[in-house]
Amino acid sequence: MSDFDLPPSAPRRIVPPPAITSRPGAESRAASDVVRDVGVVIVAGGQGTRTGGTELKQFRWVAGKPMLLHSLQTFMARPDVHTVVVVLPRSHAADPPPWLFQCDIDRLLVSTGGRERAESVANGLEDIPDDVRTVLVHDAARPLVPDDLIERVVQEARRGHGAVPALPVVDTIKEVDESGRIVRTVERARLWRVQTPQGFPREMIEQAHAVARRDGIVATDDAGLCERLGFPVVVVPGSERAMKVTEEGDFARAEALFALPA
């Protein structure tokens, strides 16, 4: 067995309803000479409580369509993408919104989210088909991720290491204690704001999640799990368009970014 080998696990799949058809032209960029070996896990299993309201954040409309659909269509438009696994909350996984299938349903799978983000990603990884060699993990809360950013991540991951898009920190950073008192000023020269999608060789990300599950480790991103095992992870240039919609005011910001030239 190689350093990355893991015991096989049973897939957890939910098949989309057969009556729903794919959107015409979804594979307009496909080319016969492109190797379709990239699998994508879109994490949309959270409840989005910080934006307020009762509707799931990832289902709310932004820039003309549901937020999750932006990401799904962006990845489906890539000819190198073999499968996209969308991880939904348990309450919605068995009955996804119909607009979710406005893409190539032959390349779409729906998986059930877990209690924590890492569990949701692990569930999505279990559904990735055997043909996939490179895996991207993306947060549905980043609806406007540019294709050139995705390309940079894929190319680095194919070189055998993890890759994360990121932007350098430009603000002064302070470490603050529980009372609100400043402890120190943090040197920002080597600090970066990490985004998604994050890309990995399949065996690397599967082993990182398996070991994290065994050890009860929780991380805010998948790269952190790989770093913990000493796997190489590099930074590629990110994009302001890959912002994360977290608070209510972020919806207006995303609308403004969408209106600007890419």
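Where a number appears in this text, it was derived from the coordinates with a stated rule and is not lab data. Keep in mind the model is a prediction, meaning the values are calculated, not measured. Every residue, glycine as well, gets a Cβ built from its backbone with ideal geometry; the counts of neighbours run over all protein chains shown.
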Eigenvalues of the alpha-carbon gyration tensor of region 159-208, times 5 and square-rooted, give semi-axes in Å, largest first, of 32, 14, 8
Once Val34 and Ala94 are pulled to full extension, the length gained, defined as 0.36 nm per residue separation minus their Cα-Cα distance, is 18.3 nm
Convex hull around the C-alpha positions of region 38-259: the volume in Å³ per residue is 146
Between the modelled labels at Glu247 and Arg159 (7 Å from Cα along Cα→Cβ) the distance in nm is 3.7
Placing each pseudo-label 7 Å from Cα in the direction of the beta carbon, Ile182 and Val194 end up separated by a distance in nanometres of 2.7
Between the residues Val86, Gly64, Ile173, the Cα farthest towards the positive end of the dipole of region 38-259, that dipole coming from +1 and -1 charges on the beta-carbon of Lys, Arg, Asp and Glu, is from Ile173
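Could you tell me which of rounded, prolate or oblate describes region 181-262, using a ≥ b ≥ c as the square roots of the eigenvalues of the alpha-carbon gyration tensor, with rounded for a/c under 1.5 and, failing that, prolate when a/b is larger than b/c and oblate otherwise? Before the final figure, lay out each step's value.
On the way: a/c = 1.98, a/b = 1.47, b/c = 1.34.
Prolate is the answer for region 181-262, as a/c is 1.5 or above and a/b outweighs b/c.
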